[in-house]
């Protein structure tokens, strides 16, 4: 079949349109009067054809459509009236198998974040609370926060005028069965929910004398005992499975759940069973099962049907409980905001099932900064975006569709990863040996033309290099000026922070100047349009596939293309007062935040407000004087009135959302807040073996009953114009 498309788009000199599908670009011809035309031969009429248009200037894509057009397969087209999304047909010559289509440009919907019914009605502002599910505490939980506890959290949020509850990732992270599995950003599946969040009685566990005694013991612990809680939950769930599986498996509700989720559910259940059989999630060590084979895994599942059914049983109950919470939140005028991790574990179902979608020979991380001189190595494989584009990012869209079943908004962890990621070859641990990916590395010929010989790459000194470099001793792995691109031979990236190496110190003055020019161009100018194009290849299509409000975590070394692209796509930015976007400021001014943003006092990776105040007295004094406007020395501790001052600044900001950690909301009340500020921190990023176990020090029932504090909080939100009027249950 031949497809002929036309679209009206008024370009200026130097611009052109291209049609793009499955990673391939098709040139278009200008037909006059603003009309551009494309002709594509050899399409299979029995298959859907998905495509979009891009505006190209000077060889770079500078704008693309929101979402895609779809030419449906012949059989589907007949059933659907021969129309696809965003497209209408002007005629089809059946004899010649030519399909003529006239399209219109699909633009970003106006006021996209306000599409959600709760937030419609002009540029209103809202407030919310950030807390991990595992940190919740109620009288009915089992030593760890559960989905069931979110209902009480919603009750509290609604009575104080809040509209959002923000969570950390809730996916299953069970790997080795130890406390190190507590890290919520290292999931064994991007689809499965964590069994620790199930409310046992609602999953068929009898609340008998033994259960109540164990619940009381675990619930009294000041922090989460990750290993014991998960071990006991698994034991009790297996007993409930034996007693109730017959009834559950024959129900219509389970049949519907299985039909909708079997694509990821069966591989996940097999993964869990094989991990237990071989004692490791490292599937490369699974003899005979290292490479996923659907037929072989199918036979394994049949032989181990009870174990497979058990994991499906647990996921079914988790799904029903979280779905029930979502219905409850919406009925009370509150939404759940989820968290989309940028990485996937290399020991996950996803890596086992779809190895072609990931660069398993590389690791994601972060370049060195003021907090980490060696950079960060997260260990996650990086994405093969070109491969993912071939099927229209189907894996990502499935992932987002699954999230949107539970959440109305989501935080894009490290949104920079959609522009570029810091990629470290798997043989290195140091972030210093990383490079940006994708990137525009220099070719060997370019570098030799600038006077840099092969020795700069870590090889033997050559004639073009200075005598000082020739005479020095053998270099270490990191003592180089360039690192080679792992997928393009003889293409080189300047090594981050190379000016501190002995290799750089050995260069003659003119070569240092030449290197500095290359380095500055590479890290600060060369990639701006390229990285914007990289993000626009992915984000519009992914965001158009979900109704969730997108919020980006845009902290760190941010290129200029990031804020402008986020603004174009209406992705909310993250604003933190002690991490200003301007390098010339010590603290950000909340009154200057953009409307489409989320402002907060702290994140899960930072000390909450009170503990931060005590980190550096000089810093807190400058904040006390400069940002709060008080004279004299700052108090040693962050007293309730100071905390209230800080929070009122954030509530008064223009930001659409002010979402604060529960610890910081409680800080304004001297009677409710915890006695030890240091114990309220959730994560310490500098410690890769940190135990994620923070838990509320008071039960939600007590928080709900704290009428004085809740009244004060509601008054603060009302005075700032953020109190929700939808806080009462909807009929």
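When the chain is fully extended, how far beyond the present Cα-Cα distance does residue 102 get from residue 33, taking 0.36 nm per residue of separation? The partial results should precede the final answer.
Numbers: separation 69, 0.36 × 69 = 24.84 nm, distance 1.47 nm.
Additional length available on full extension: 23.4 nm.
Testing the spin-label approximation: label points 7 Å from Cα along Cα→Cβ at residue 689 and residue 291. State their distance in nm.
3.6 nm
For region 688-716 and region 344-377, what is the separation of their C-alpha centers, rounded to whole Å?
What the calculation gives is 34 Å, centre to centre.
Roughly speaking, what is the centre-to-centre gap between region 197-223 and region 117-134 when only Cα atoms are used, to the nearest Å?
Computed from Cα coordinates, the inter-centre distance equals 32 Å.
So what is the relative contact order for the chain, in percent, with contacts set as C-alpha pairs under 8 Å and at least six apart? Don't skip to the end; give the middle numbers.
On the way: 1315 pairs, mean separation 112.5, N = 731.
Relative contact order here is 15 percent.
Expected output is a single nm value to one decimal: the length gained when fully extending between residue 725 and residue 244, i.e. 0.36 nm times separation in residues minus the C-alpha distance. What is it? Don't jump to the answer; show the numbers that get you there.
Details: separation 481, 0.36 × 481 = 173.16 nm, distance 4.24 nm.
Separation in residues times 0.36 nm, less the Cα-Cα distance, equals 168.9 nm.
Calculate how many DSSP beta bridges within the chain are antiparallel, expressed in % of all such bridges and rounded to the nearest 5.
Values: 50 of 82 bridges.
Bridges in the chain are about 60 percent antiparallel.
Given R₀ = 45 Å, FRET efficiency for residue 41-residue 446 by Cβ-Cβ distance, to 0.05? Show your work: numbers first, answer last.
Values: r = 38 Å, r/R0 = 0.84.
Given R0 = 45 Å and the Cβ-Cβ separation, E is 0.75.
Assign one of three labels to the chain, namely rounded, prolate or oblate, based on the Cα gyration tensor with a ≥ b ≥ c the square roots of its eigenvalues; rounded applies when a/c is under 1.5, prolate when it is not and a/b is larger than b/c, and oblate otherwise. The partial results should precede the final answer.
Details: a/c = 1.38, a/b = 1.15, b/c = 1.20.
Judged from the Cα gyration tensor, the chain comes out rounded (a/c under 1.5).
Could you calculate the contour length gain from residue 26 to residue 523, that is, 0.36 nm times the residue separation minus the distance between their Cα atoms, to one decimal place in nm?
Numbers: separation 497, 0.36 × 497 = 178.92 nm, distance 3.13 nm.
So the chain would gain 175.8 nm between residue 26 and residue 523.
How would 643, 561 line up from fewest to most surrounding beta-carbon atoms within 10 angstrom?
On the way: 643 23, 561 20.
Final ranking by Cβ density, sparse to dense: 561, 643.
Under a crude label model (7 Å from the Cα following the beta-carbon direction), how far is residue 374 from residue 592 in nanometres?
Taking the two extended label points, one gets 3.6 nm.
Taking R0 as 30 Å, what FRET efficiency do you get between residue 356 and residue 74 from their Cβ-Cβ distance, rounded to the nearest 0.05?
0.55
Order these peptides, 672-678, 153-159, 657-663, by their mean beta-carbon neighbour count within 10 angstrom, highest first. Provide the component values of the computation, followed by the final result.
Details: 672-678: 15.0, 153-159: 21.7, 657-663: 25.7.
Most protected by this proxy first, the peptides run 657-663, 153-159, 672-678.
As a test of the formula, what do you get for the chain when each DSSP H run with n ≥ 4 contributes -39,500 (n - 2.57) and the sum is divided by the residue count, at 222 nm and rounded to the nearest 500 deg cm²/dmol? Intermediate results must be reported in sequence, preceding the final value.
Details: 22 runs with 244 residues, N = 731.
That comes out to -10000 deg cm²/dmol.
What order do you get for 398, 725 when you list them from fewest to most C-beta neighbours inside 10 Å? Mind showing how you got there, number by number?
Details: 398 15, 725 11.
Least to most surrounded, the residues fall as 725, 398.
Report the Cα centroid-to-centroid distance between region 248-262 and region 1-80 in angstrom, as an integer.
So the separation of the two Cα centres works out to 40 Å.
As an exercise, use a Förster radius of 51 Å and the Cβ-Cβ distance of residue 702 and residue 615 to find the FRET efficiency, rounded to the nearest 0.05. Show your work: numbers first, answer last.
Values: r = 29 Å, r/R0 = 0.57.
For residue 702 and residue 615, the calculated efficiency is 0.95.
At what distance in nm do the modelled label points of residue 228 and residue 490 sit from each other, each positioned 7 Å from its Cα along Cα→Cβ?
6.4 nm
Considering the zone a paramagnetic label at residue 277 would reach in this model (a point 7 Å from Cα along the Cα-to-Cβ line), which residues of region 346-373 have amide N under 19 Å from it?
Zone members listed by number: 347-354.
Read the figures in this text as sums done on the coordinates, not as results from a lab. All values derive from a computational prediction rather than experimental measurement. Cβ sites come from the backbone with ideal geometry, for glycine too, and all protein chains shown count toward neighbours.
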